[in-house]
Amino acid sequence: MYNYYPLSHSSKINLYPVELVATDCIEVEEQNLGPASKEILKNSINNWSKALRGKMSFALKLAGLEEDSHQMVFSNTGLMSEFASLKTIKDIEAFSKKYGLLGIKHPDSEQVNSQTPLIKATLQPAFIFINYGFSVFEPIELWQWHINEVQKILRLYHAVRKASSDELIYEIVEIKMHSGMFGSLTEDKEITDRYFVQWINGEEILMLPEHFEEKPLLEIAQYTLAKILESRISDGINLATGDLISNPSTKGFMITELRYTRYLLAAIYYDLWQTINDSKNIYLCDNENCRLPFVKSGRKKYCNEACKQEAYRIRLKKTEREG
Ligand SMILES: [Zn+2]
């Protein structure tokens, strides 16, 4: 019961119903799901709860069977912008009802039950929130992490395009040296100093290849953008054959290439990748309480209508105070 989200064209897809639930009051047996999905749901709630150390509040969950599904015409253009502007849990719920679940599978039982310190250390967002797969249950924390991730990537892209100085980039990422054993084979393992790119909240993005260490910050930031997107896309995109176009004069023929994904989240990152490759402009919301990045279209200055209203009220208050 996978969906195939088309990426190179738009087409009809079949969407199963999704609902928002408070995670502490789900009765698995009472769900309107088939036996296999119930089994997955049980494991999913259990493993996510362990992985997030009980800090689960709300989640999005499959809420019905095939007969409850609805069809929609899906196009991934603009999907990323819509996703990046989700703010409240209500916004997230509406988005998931429209497009489905993200398609991130729950962590393995071996991983969440392990007592090995090295494996326990992998129970953090950057490891557990990125594995594409079939899912029936997704913690809201997983959604919020990816919304934030897409916003950070947009900010970095915005800074790279504006980079008249390095300052703007250093507001988003930093480069830190770590000492450790970084070789991939046991016999390569000796302690060395290597440079890492990380978000300013300390979350690591990647280890810089040695030949990049002396390069200008702008190039390092561009490389970082390319690599994050590569890692988000490479596992999620599939190719299929489209039309056969024959050329009677040469007797040759061409097969058109269709791209699609089973995972909504991969479709979102693919749209982000295309936004960057099309050199689209990013604008930071003019509401001083928001400043969210969004794809500029026309003369829009605010990420949504609520921000436009809020900015108006702030301006009014300022004039009142001055008047
Ligand atoms: Zn805004």
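The values are calculated or read from the model by the stated rules, or taken from the named source; none is laboratory data. None of the values given here were measured: they were computed from a predicted structure. Note that we place each Cβ from the backbone using ideal geometry, even for glycine, and neighbour counts take in every protein chain shown.
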Tally, over the range 238-262, of residues that are within 23 Å of the chain's Cα centre (by Cα) and in contact (Cβ under 8 Å) with a residue 24 or more places away in the chain: 6
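Of everything in the range 263-294 that's of a type outside the set (A, V, I, L, M, F, W, C) and under 18 Å from Leu168 (Cα atoms), which residue is nearest to the chain's Cα centre (by Cα)? Outline the logic, then answer.
So the first thing to find is which residues in the range 263-294 are of a type outside the set (A, V, I, L, M, F, W, C), and the list is 263, 269-271, 274-275, 277-281, 283, 286-289, 291, 293.
If we keep only those that are under 18 Å from Leu168 (Cα atoms) as well, we get 281, 283, 286, 288, 291, 293.
Numbers: Asn281: 20, Tyr283: 19, Asp286: 24, Glu288: 25, Arg291: 19, Pro293: 15 Å.
Top of the filtered list is Pro293.
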Scan the range 295-323 for residues that are within 27 Å of the chain's Cα centre (by Cα) and among the hydroxyl-bearing types (Ser, Thr, Tyr) and jot them down. Ser297, Tyr302
If you go through the range 61-96 one residue at a time, how many are among the basic types (Lys, Arg) and farther than 28 Å from Arg291 by Cβ? 1
May I ask you to say which residue of Leu118, Leu60, Leu65 is modelled with pLDDT of 95 or more and assigned by TED's automatic domain parsing to the domain that holds Ile233? Leu60
I'd like to check something: does the range 215-236 contain any residue that is surrounded by 13 or more Cβ atoms within 10 Å (Cβ to Cβ), charged (D, E, K, R), away from the ligand (no atom under 16 Å from the Cβ) and free of Cβ contacts under 8 Å to residues at least 12 places away in the same chain? yes
For the list (1) within 30 Å of Ile92 (Cβ to Cβ); (2) surrounded by fewer than 15 Cβ atoms within 10 Å (Cβ to Cβ), I need the number of the one condition that Glu190 fails. (1)
Tell me whether the range 270-284 contains one or more residues that are in a helix (DSSP H, G or I), modelled with pLDDT of 90 or more, surrounded by 11 or more Cβ atoms within 10 Å (Cβ to Cβ) and aromatic (Phe, Trp, Tyr). yes
Restricting to the range 285-309, name every residue that is over 17 Å from Phe83 (Cβ atoms), part of a loop (DSSP other than H, G, I, E, B) and near the ligand (Cβ under 10 Å from one of its atoms). Asp286, Asn287, Glu288, Asn289, Arg291, Lys301, Tyr302
What is the number of the single condition among (1) without any contact (Cβ under 8 Å) to a residue 40 or more places away in the chain; (2) among the small types (Gly, Ala, Ser); (3) crowded, with 16+ Cβ neighbours inside 10 Å that Ser165 does not meet? (3)
Give me the residue from the range 94-152 that is in a strand (DSSP E or B) and touching an Asp or Glu at 6+ places or on another chain (Cβ under 9 Å) and, out of that set, surrounded by the fewest Cβ atoms within 10 Å (Cβ to Cβ). Tyr132
